[in-house]
Every structure is written in C-alpha cells, then in structure tokens.
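Undergrad: Quick one: the structure is below, and I'll ask about it shortly.
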Amino acid sequence: MVEFKEISKSYKKGYLALDNVDLKIDQGEFVFVIGESGAGKSTLIKLILKEENPDSGKIYLFDEDITKVRNRKIPIIRKQIGVVFQDFRLLENKTVYGNLQYVMQNLGYSRKYIKQEIPKLLKSVKLVGKEKSYPHQLSGGEQQRVSIARALIVKPKIIIADEPTGNLDPKTSREIADLLVEINKDGTTVIMITHENDIVNDLCKRVIRLDRGKIVRDEVGGKYEEN
Ligand code: ADP
C-alpha cells in the first residue's frame, strides 16, 4: 500500500535526507520507524503525505504513483491517511466534541452523520464522558486520544503517528501505543515514529531504522537496539 522505489530527497545540495530508499509497507502492518534526530524519519512521512516531493524515485500509495499526481488531487490522497502529532494540535477554544465536529463540518459531513459518529469515535478511543471538556481540562494522554479520534474521522487506511508519545509519561505512552495497536487490529496500517525503546521492545512489531537517510535495519518483531 506504501512503496518507495529508489527514493532520494535532499533539501540542500550535497546532503541526502533520504538516500536511495526502497521500502514496502502492506495493508494492516504496524511499523515503527526509529533513528537518531536528522536520520530522515520526518522526511519519509512528508513524502507519503506529499508534503514534499523526492528528487528521484517513485512512491506508490494505494498502487498509484503519487510523485506524478497533480496538486489538485493531493487532498484526496490525504483523506485516506490519518495523522497524529506529538503536540496534539487541538483547538483550545473548542470542547472535545467541538474539535471533532469542527473537522467533520469542514469535511462536509451531514449534521446527522456527525451526531451519530462522534459518540462512536469517542468510544473507540475510550473518551466517553469527556465530550464537554476543553483540551486544557484533559491530561496529555486524553488530549492525544482526542487527536487519534480526529485522525479516525475519515476512516483512514493508514495512520501516521509522528512521535505520538513524545510529550507523555511512560505509562500514558504505553496506553497510547496500545490504542494504536487496537486500531491496527481492525486492519488500519499504522506507521509510528518513536524514540521509546520500551514500547518498541514490548510490542515486537516491524522496526525500520533509518541512519543518515538510509534504511539500516528492517526487521519484523524487531527490538529498538540491534541484538
Ligand atoms: P528526523 O525526522 O529523523 O529527525 P528529518 O527527516 O527531519 O529527520 O531530517 C533529515 C535531514 O534533512 C536532516 O539533516 C535535516 O536537517 C534535513 N532537513 C529536514 N527538513 C528540512 C528542511 N525543511 N530544510 C532543510 N533541511 C531539512
């Protein structure tokens, strides 16, 4: 469903953020992307979201070469991907319900659908009862759950989580990772950038390690550090 073929990307001359990367991620996989700061993890994600274009190579998303896709089609691509960020990016002046409603209205969903869908979304992230709370009244973990619910609105085929637990304590981090595992069990592909050794080691998923723009390890059931 996501395939990189000989992808290179540079921002400035002489330094490759991604260096001839080949990668294939199938529907339903759970993949950790790890590596030092500057290794190319965010660039990988930006290319999937078509926020950046590669210098060379092809990127297939749902069997379509997105390096060729016209700008006008980008929103259609993005609608199939849910994105979760480290810093939640919630609207502070709206309640939990309001945050979800706002996005759904912008996507053009009907009032009836929105009303019937939000309770389901909140249930799936275990936030029933919090609909009237504002972000500042929620814990970090709860705020991240709202942001996951928001990512689920479009019923995405892929969820990309860019250090979703970067601002959370270890216990809450694990709960968020477990929630992403649950979502993955329903068939949604999850690509998660993380620096958390414990989570990677415990969950035993596919681990892709980037180092200076190259995939130096790609292992199913991998650990954070190489054995
Ligand atoms: P990571 O997410 O693993 O920290 P990035 O993909 O953000 O790595 O960065 C890979 C390399 O590309 C780094 O050397 C970084 O400095 C460079 N880079 C990333 N984004 C930009 C940008 N917008 N302009 C210039 N250089 C960038």
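Undergrad: Charges on Cβ only, +1 for Lys and Arg, -1 for Asp and Glu, centred on the Cα centroid of segment 1-111; of F62, N20, Y97, which one is farthest towards the dipole's positive end?
TA: It is Y97, whose Cα lies furthest towards the positive end.
Undergrad: Please list M1, M104 from largest to smallest accessible area, probe radius 1.4 Å, with all protein chains kept in place.
TA: Solvent-accessible surface, decreasing: M1, M104.
Undergrad: Note down the nm distance, to one decimal, between modelled labels 7 Å out along Cα→Cβ at I76 and at D169.
TA: Each label point lies 7 Å from its Cα, and together they span 4.7 nm.
Undergrad: Relative to the first principal axis of the alpha-carbon coordinates of the chain, what is the inclination of helix 140-152, with its axis defined by its Cα atoms, in degrees from 0 to 90 and to the nearest 10?
TA: With both axes taken from Cα atoms, the answer is about 80 degrees.
Undergrad: Could you give me the radius of gyration and the Dmax of segment 86-227, taking only the C-alpha atoms into account and expressing both in angstrom?
TA: Considering segment 86-227 through its Cα atoms, Rg and Dmax are 16.3, 53 Å.
Undergrad: Now a separate question. Can you run phi through the Karplus equation (6.51, -1.76, 1.60; θ = phi - 60°) for segment 165-179 and list ³J(HN,Hα) in whole Hz, with x for Gly and Pro?
TA: Per residue, the Karplus-derived 3J(HN,Hα) values read 10, x, 9, 10, 6, x, 5, 5, 4, 5, 5, 5, 4, 5, 5 Hz.
Undergrad: Something else now. Could the peptides 2-15, 169-182, 144-157, 201-214 be put in order, highest first, of the mean number of other beta-carbon atoms found within 10 Å of their residues?
TA: On the way: 2-15: 14.5, 169-182: 16.7, 144-157: 21.5, 201-214: 18.4.
Highest to lowest by the protection proxy: 144-157, 201-214, 169-182, 2-15.
Undergrad: Pop a pseudo-label 7 angstrom from the Cα along the beta-carbon direction at both N20 and K115 and give the gap in nm to one decimal.
TA: Here the answer is 6.0 nm between the modelled labels.
Undergrad: A further question on this structure: What is the magnitude of the charge dipole of the chain about its Cα centre, with +1 placed on the Cβ of each Lys and Arg, -1 on the Cβ of each Asp and Glu, and no other charges, expressed in debye to the nearest 20?
TA: In total the dipole reaches around 1200 debye.
Undergrad: Next question, about the same structure. Rounded to the nearest 10 Å², what accessible area does Y102 have for a 1.4 Å probe in the complete protein model?
TA: 100
Undergrad: In segment 90-155, if every C-alpha pair distance is counted and binned at 5 Å from zero, what percent goes to each bin?
TA: 4, 20, 35, 26, 12, 3, 0
Undergrad: Roughly how many percent of the accessible protein surface of segment 65-219 is carbon and sulfur, given a 1.4 Å probe and a whole-percent answer?
TA: 48
Undergrad: Take the alpha carbon gyration tensor of segment 1-159, find the square roots of its eigenvalues, order them as a ≥ b ≥ c, and report rounded if a/c is under 1.5; if not, report prolate when a/b exceeds b/c, else oblate.
TA: Verdict is prolate for segment 1-159.
Undergrad: Please report the net charge: other residues with Cβ closer than 12 Å to the Cβ of K5, K and R +1, D and E -1. Don't skip to the end; give the middle numbers.
TA: Working: positive: K24, K58; negative: E3, E6, D22, D65.
For residues surrounding K5, the net value is -2.
Undergrad: Sketch the reach of a paramagnetic label on S133 as a point 7 Å from Cα along Cα-to-Cβ, and name the residues of segment 73-89 whose backbone nitrogen lies under 17 Å away.
TA: 88-89, by backbone N distance to the label point.
Undergrad: Just the C-alpha atoms of segment 32-91: what Rg/Rh do they give, with Rh taken as the Kirkwood radius?
TA: Ratio value, two decimals: 0.99.
Undergrad: Tell me, what is the per residue accessible area of segment 38-176 in Å², probe radius 1.4 Å?
TA: I get 52 Å² per residue for segment 38-176.
The values are calculated or read from the model by the stated rules, or taken from the named source; none is laboratory data. Just so it is clear, the model here is predicted, and its values are computed rather than measured. Note that we place each Cβ from the backbone using ideal geometry, even for glycine, and neighbour counts take in every protein chain shown. Areas reflect the complete protein model, heavy atoms only, side chains present, ligands, DNA and RNA absent. Shrake-Rupley method; radii C 1.70, N 1.55, O 1.52, S 1.80 Å.
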